[in-house]
Amino acid sequence: MGTLRKIRQMKESWSELAPGQIIAQPNLRPIVSQGGYHLEGSKQALIWTNSQKLRGSFQVVDVEEDEVVYEGVLRDVGDHIWGGNTLIADFSDLKAPGRYRIRPRVEGTESLLDSFTFPIGPSLYLDLAERGARWFYYQRCGTEVPGWHPPCHTDDAILDGKSYDATGGWHDGGDYNKWSHYSYYGLFALLELYEAFPDRWEVDGLPYPLEEAVWEAEYVRKVQLEDGVLLSAVGGREDPWFWEGAPEKEPTRRLSADYGGRSYGNTTLVGAAMARLARVLRSLGYDEDKVQEYIKVAERGYRRGYNADFSEVPDEDKGSYLDTQAGLLLADIEFEGLTGDEGYRVDARRRVEAILSAQDERGFFYSDYEGTRPCRGRGFHLFALYKFLSTYPDDPLGPKIVDAFARWAEFWEPFARLSHFGQMGGPDRDGRPRNLPPWTCNIHIARAGWAMATAAMLLDRRDYLEIAERQIHWIVGYNPLEVSMMAGLGRGPGCYHTRLASCEGHEDGVVPGGILNGIEGSDGGVVELGDRRTGNLVIGDHLPLDYPLMDMDTYGWTYAYLTNEYWVPNNGWFVLAAVQLERAVASRYSDATRGCF
């Protein structure tokens, strides 16, 4: 026997719903970014008025002084299936650090509530990036995490019936498996955070981002095979996700490359991340023996991607072509820095050309060599192009890279205008625009934020910067569910898919800084959020098209992994996006670069 829980549609409200409206609030309350707003950034709150066309004003209240510090007029922006008629409170002109809430003054109703409290700060996105980066520490495996659990999985692992030292690394997210082939998400994020703002880290020894990157790199070093294939430590049974108890109690696990460790894209990107780590550590005078070990890992990953013939690979590997080119490009950049060999730059230019050729005239990228598999604009190819441009700003390929960003942004910009929240929607499988297309998740949202922030800097486009900001705002509460998908910040969903909820004192499942998979959209039918294999199914049952789905109906642990699970790639892209946004906002408003937008 199993259980079945259905996501409840939020329709109870203070007034009648508008025609076609599919979600509402119980009261009229401004929806805000619970994670806050950058001092120099765009600042908006959103008010749903259901079927009523109302007007009015708003106040921004300093919660520490309990006084009104800003007033404005609410702007009518029309209706939408989320919330019906909608008003916007724009307070971008407020440039004073503090903690605030929005107080609406709307004519024609008394069903008014103040917004959640939120901060305004001068380094808001960098602060959020650090929160997201600190999450990786709580995911450490093979050691005690004070306040959480004693040393766990100290017997990792079994390979071909024999013991194999695979201790260390990070738990994947909501489970205890250690996906070495996804380590590059975290490694690139931590390295970007450090290199973008090195003065933020004033500590003896390695700064936190590098210390955490080394923790994972030591695990990766142990589980990479000579041919570059990556082994991952997974549950000891056929079902690698079976263990739901405390981490230190799980039986001995096994090593396997069957879950992504053979992917050319993954193995090459891991190699590139390890090369970057080696270069950064060497610049700080770190142990050269360790640097050399990481370089060896990088070289194996590089060779695997370099030798792949994508006209001959099996069909299941064809979709990793674009990521492989990105990995090779990123590795070329690092290897030239490590060795001084200009031959790597020659190869880097080849990889740039390969990536550019994967983009069509509309700006859309394809992930396979033949150009038939849509990429959705969510991979590391743009990240790699940007790194090439940053490293070689005078290269003749530079204008082509800027043009690629321009065409990418032009294609995707309309999909950020589908809802009043400004999150990146997209085409569904039939090409129709959707607020929440089938592949929506916080990886997609954060990647879009990174790319739009980059396009804003390269193209002098303030509107692209505002789109980028909306992606971070969406994740931390500015969304139709009013839920912060960064754990420990704002109002969370109340339940999380994490085995760490089995740790004493952490039954609420909140792992600080963790980014959830995120809101999914209903397709109008039955949408399974998890978990069929255990008989604890959570579903959206024929809810309206584009209804926002997330489990918010229970406490602590949930089986709804599709929406409520933490994951290393989520935090990786969130940190990358937040760092790039901090760069973009700072460059726009600093005295030294004022006017570059």
Is it true that some residue in segment 27-38 is surrounded by fewer than 23 Cβ atoms within 10 Å (Cβ to Cβ), small (Gly, Ala, Ser), in contact with a helix residue (DSSP H, G or I) (Cβ under 8 Å, 6 or more places away or on another chain) and farther than 30 Å from ARG532 by Cβ? no
Flagged in segment 354-376 as within 14 Å of TYR321 (Cβ to Cβ) and of a type in the set (D, E, K, R), in numbering order, are ASP368, GLU370, ARG373
Check off (1) assigned to a helix (DSSP H, G or I); (2) out of contact with any Phe, Trp or Tyr (no Cβ under 7 Å at 6 or more places or on another chain); (3) surrounded by fewer than 24 Cβ atoms within 10 Å (Cβ to Cβ); (4) of a type in the set (Phe, Trp, Tyr) for TRP439 and give me the number that stays unchecked. (1)
Hey, can you tell me all the residues within segment 244-289 that are among the polar types (S, T, N, Q) and over 23 Å from the mean Cα position of the chain (by Cα)? THR252, SER256, SER283
What residue, among those in segment 264-286 that are among the small types (Gly, Ala, Ser) and buried (at least 24 other Cβ atoms within 10 Å of the Cβ), is farthest from GLY168 (Cα to Cα)? GLY265
Residue that is surrounded by the fewest Cβ atoms within 10 Å (Cβ to Cβ), among those in segment 442-465 that are more than 21 Å from the chain's Cα centre (by Cα) and aliphatic (A, V, I, L, M): LEU459
One residue is enough: does segment 505-519 have a residue meeting the conditions in a loop (DSSP other than H, G, I, E, B), loosely packed, with under 15 Cβ neighbours inside 10 Å and under 19 Å from the mean Cα position of the chain (by Cα)? yes
Considering only residues that are touching a residue at least 12 places away in the same chain (Cβ under 8 Å), assigned to a strand (DSSP E or B) and either within 15 Å of VAL234 (Cβ to Cβ) or of a type in the set (A, V, I, L, M) (or both), which ones fall in segment 142-173? ILE158, LEU159, TRP170, GLY173
Every residue from segment 89-122 that is assigned to a loop (DSSP other than H, G, I, E, B), of a type outside the set (D, E, K, R) and surrounded by fewer than 19 Cβ atoms within 10 Å (Cβ to Cβ): SER92, LEU94, ALA96, PRO97, GLY108, THR109, SER111, LEU113, THR117, PRO122
Mind checking whether some residue in segment 200-214 is in contact with an Asp or Glu (Cβ under 8 Å, 6 or more places away or on another chain) and either surrounded by fewer than 24 Cβ atoms within 10 Å (Cβ to Cβ) or over 30 Å from LYS43 (Cβ atoms) (or both)? yes
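FYI, it's all coordinate maths here, none of it is from the lab. Fair warning: this is a prediction, and the values are worked out from it, not measured in the lab. Ideal geometry is used to build each Cβ from the backbone, glycine not excepted, and the neighbour counts take in all protein chains shown.
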